[in-house]
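One structure is given here, and the rest of the page talks about it.
The values are calculated or read from the model by the stated rules, or taken from the named source; none is laboratory data. Bear in mind that the values here come from a model prediction, so they are computed numbers and not experimental data. Positions of Cβ are backbone-derived with ideal geometry, glycine not excepted, and every protein chain shown enters the neighbour counts. Please note that ligands, DNA and RNA were not included when accessible areas were found on the heavy atoms of the full protein model with its side chains. Shrake-Rupley method; radii C 1.70, N 1.55, O 1.52, S 1.80 Å.
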Amino acid sequence: MEPLAKPGLFTGPGDGIEDPAALLPAYLDWFRDTLRRKCDGLPPEVLRAPVAPLGWSPLGLVQHLGWVERRWMRWGFAAEDVRPYPPGGERAEWHVPSELPVAEVWTRFEREVAAGRAQSAGVALHTPARTGGRFPKDEEPPVLGRILFHLFQEYARHIGHLDVARELIDGQTGE
């Protein structure tokens, strides 16, 4: 029997980050970067094409995650008066119109990520979300840590989905 290879310790942000208040945003950024890495090398027509049997495209997933960021950070945590879904609802956020350039989808995603980072920078994890956007004024809103953890699980799940899509597209497997 061959000896088992010792796996690497961790993937993700640097090993020196131990404080959960720093670790959670660092992992979110790592997932956001992973999204980009897993789409790298795919030509625009492949990024746009729905992957059988999944029914969605890698670019549609990028667009969806931009809307997720918006819903949880701008409309949710900051209670901004922004549209939480595209026209056509949640299903529409997975469909990228053919006239929308690939670069614009990435720009919109990065804009939502930057807004979320700015709203959470230097804010304690126990800080409650503002009310009046996603969270009604007569209910107790979740705290930033809960919202960031929800984003964390959204990215973790969808990055796994993208691993499957990428393997179906060209055989590339995840890390």
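For this structure, a couple of remarks:
Yes or no, residue by residue, for (1) within 19 Å of L162 (Cβ to Cβ); (2) of a type in the set (A, V, I, L, M, F, W, C):
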site	(1), (2)
P20	no, no
L24	no, yes
R36	yes, no
P53	yes, no
L59	yes, yes
D81	no, no
H95	yes, no
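- For the stretch 121-132, filtered to residues that are within 12 Å of G76 (Cα to Cα) and open to solvent by 20 Å² or more (accessible area, probe 1.4 Å), the residue that is modelled with the lowest pLDDT is G132.
- Failed criterion for V62 (all others in (1) over 29 Å from L23 (Cβ atoms); (2) of a type outside the set (K, R); (3) open to solvent by less than 20 Å² (accessible area, probe 1.4 Å) hold): (1)
- A165 being open to solvent by 20 Å² or more (accessible area, probe 1.4 Å) and either in contact with a strand residue (DSSP E or B) (Cβ under 8 Å, 6 or more places away or on another chain) or assigned to a helix (DSSP H, G or I) (or both): no
- The stretch 91-103: number of residues that are within 18 Å of the chain's Cα centre (by Cα) and loosely packed, with under 13 Cβ neighbours inside 10 Å: 2
- Of the listed requirements (1) surrounded by fewer than 19 Cβ atoms within 10 Å (Cβ to Cβ); (2) within 18 Å of R37 (Cβ to Cβ), A114 misses just one: (2).
- Any chance W67 is at pLDDT 95 or above, open to solvent by 20 Å² or more (accessible area, probe 1.4 Å), under 18 Å from Q153 (Cα atoms) and of a type outside the set (D, E, K, R): yes
- Members of the stretch 89-145 found to be under 15 Å from E69 (Cβ atoms) and among the charged types (D, E, K, R), listed by number: E90, E93, R108, E110, R111, E112, R117, R134
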